[in-house]
Amino acid sequence: MQRLWIVPAAFFLAVGIAAAQTPAPSPAPLPPARRAWVSYATDVAIARRLAVVAEAQGRFDGAALGNAQQLLLRLGLDYSLVPALRLSAGWHYVRTDPETGAADYPEHRTWEQAQLASALGPVGVSNRVRVEQRWVGAGALGAVAGDAGGAKWTRLNRVRYQLRGTVPVGACLPRLRCYVAASDELFVGIAPGDGRALSPEQNRAALAVGSRVLPALRVELGYLNQAGIAPAGTIHVRAHALTLNVTASRAGAR
């Protein structure tokens, strides 16, 4: 069980290498965006192995980080099959400011994921695979040109793989012990309609310092680098984000 993480890691590495070999347009580079992502996640046990999980996240953009870019709300059920393996599923709501002058648009997702925890000496390793079924609003509600019937929806599917490692670093604040966390997450579209079954969409690399400030409360402050390709596949985008993540767990171990 502890070595099963090698299989998804190898698969997504192969997908990433294949994508790098695929010819792509060379558009003019865009200036990197500066963002701030703030999230709060929690879970509430409803049975010995079953819990309700919830998350709220705000993403802000702009030179002064004063523009609300996205609101994300997630709700689901989490089942611990064994201590090292958790299975989850649920619903996700997203509202996005497209930054093009158009009105905000909504998105609904259903998602399923598996998360496997293991250890390599003092390094904690977490592998997460999430599959998403997405319904993305094609514009603001009722604001699509020539449409009087409300929102139009586009159906998309994708799979995400995240590899995350944590290393304890000892005391960093009075009465608190800290750790350093590094992660990388690859997003891959499924059957996007361009003739390829799998099509990489974006990658997120992150580095953070965290601490368990209470037995059931963890706080992380870090940096995230988001690189990807616009839906049309022609515009490369990159963002630098300051991240603040607060996690409240029923067992203080997530």
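A few comments on the model shown:
- Label-to-label distance, nm, for residues given as R34 and L50 (7 Å Cα→Cβ offset): 4.8 nm
- Multiplying the residue separation of V123 and Y223 by 0.36 nm and subtracting their alpha-carbon distance yields 34.0 nm.
- The stretch between V180 and W135 holds 12.7 nm of extra length on full extension. This uses 0.36 nm per residue minus the Cα-Cα distance.
- W91 paired with L73, simple spin-label distance in nm, labels 7 Å along Cα-to-beta-carbon: 1.0 nm
- Amide proton proximity set for A103, modelled H, under 5 Å, gap of 5+: A140
- Estimated FRET transfer efficiency when R0 is 35 angstrom, pair V246-L81 (beta carbons, to 0.05): 0.85
- For the pair R155 and R238 in one chain, pulling the backbone fully straight at 0.36 nm per residue adds 27.4 nm over the alpha carbon distance.
Here, each number is a calculation from the coordinates, and none is a lab measurement. Predicted model only: the values in this text are computed from it and were never measured. A quick note on method: Cβ atoms are made from the backbone with ideal geometry, for glycine too, and the neighbour counts reach across all protein chains shown.
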